Amino acid sequence: MITISRSEYEDLKREILELRHLLQQLREENTLLKGGKDSRTGSTAPSHDIGRSNRISLRVSTGRKPGGQPGHTGATLSMSDTPDETIDHHPLLCEHCGEGLHHVESKSFTRRQEFDTPPVSPICIEHRSRIKVCPLCSFTNRGLFPDHLQAPVQ
């Protein structure tokens, strides 16, 4: 049996308490580091990842400026000859003298078109499992739902 003095006992007790406190702090810090979001688990940029090493780009410079290069034939949306809807915008007053223009015929017009996609609406498909009773043995039979339907509504 090992005997220690009262002061040695108090010193060991104090050291144990300090080590427990330090252990608790390290556990909390470890939880923060492990549980933090990075570019794989959250919406942060890869450059903000903790412990990220400085990665070198493998992209080789071509010396050209970014964007369309000379000689590149661009592609753009073309105007439709048959728009689904036409809205006329008439000037109400002369910008120069303020005269009302509601009675004046249009000389010509310029066009601008906007293309909009219709809103997407979900399609509801109801699957019914029909129940039939066998006339021979009176067993209740149910139709099988497709495997991908696991819940009443999904």
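The values are calculated or read from the model by the stated rules, or taken from the named source; none is laboratory data. Note that the coordinates shown come from a computational prediction; the quantities given were computed from them, not determined experimentally. Please note: Cβ atoms are built from the backbone with ideal geometry, for glycine as well, and neighbour counts cover all protein chains shown.
Please give the number of the condition A75 fails out of (1) surrounded by 10 or more Cβ atoms within 10 Å (Cβ to Cβ); (2) in a loop (DSSP other than H, G, I, E, B).
With respect to (1) surrounded by 10 or more Cβ atoms within 10 Å (Cβ to Cβ); (2) in a loop (DSSP other than H, G, I, E, B), A75 is out only on (1).
If you scan region 118-154, which residues turn out to be polar (S, T, N, Q) and assigned to a strand (DSSP E or B)? Don't jump to the end; show me each part of the working.
To start, the set of residues in region 118-154 that are polar (S, T, N, Q) comprises 121, 129, 138, 140-141, 150, 154.
Matches in region 118-154: T140, N141.
Filter region 9-26 for residues that are hydrophobic (A, V, I, L, M, F, W, C) and within 50 Å of the chain's Cα centre (by Cα) and give the result. Step through it out loud before you land on a result.
First pass over region 9-26, keeping only residues hydrophobic (A, V, I, L, M, F, W, C): 12, 16-17, 19, 22-23, 26.
Answer for region 9-26, where residues must be hydrophobic (A, V, I, L, M, F, W, C) and within 50 Å of the chain's Cα centre (by Cα): I16, L17, L19, L22, L23, L26.
Do the conditions hold for L58, that is, is it outside any loop (DSSP other than H, G, I, E, B), modelled with pLDDT of 75 or more and over 30 Å from R112 (Cα atoms)? Show your work before the answer.
Values: outside any loop (DSSP other than H, G, I, E, B): no; modelled with pLDDT of 75 or more: yes; over 30 Å from R112 (Cα atoms): yes.
Spelling it out, it is not the case that L58 is outside any loop (DSSP other than H, G, I, E, B), modelled with pLDDT of 75 or more and over 30 Å from R112 (Cα atoms).
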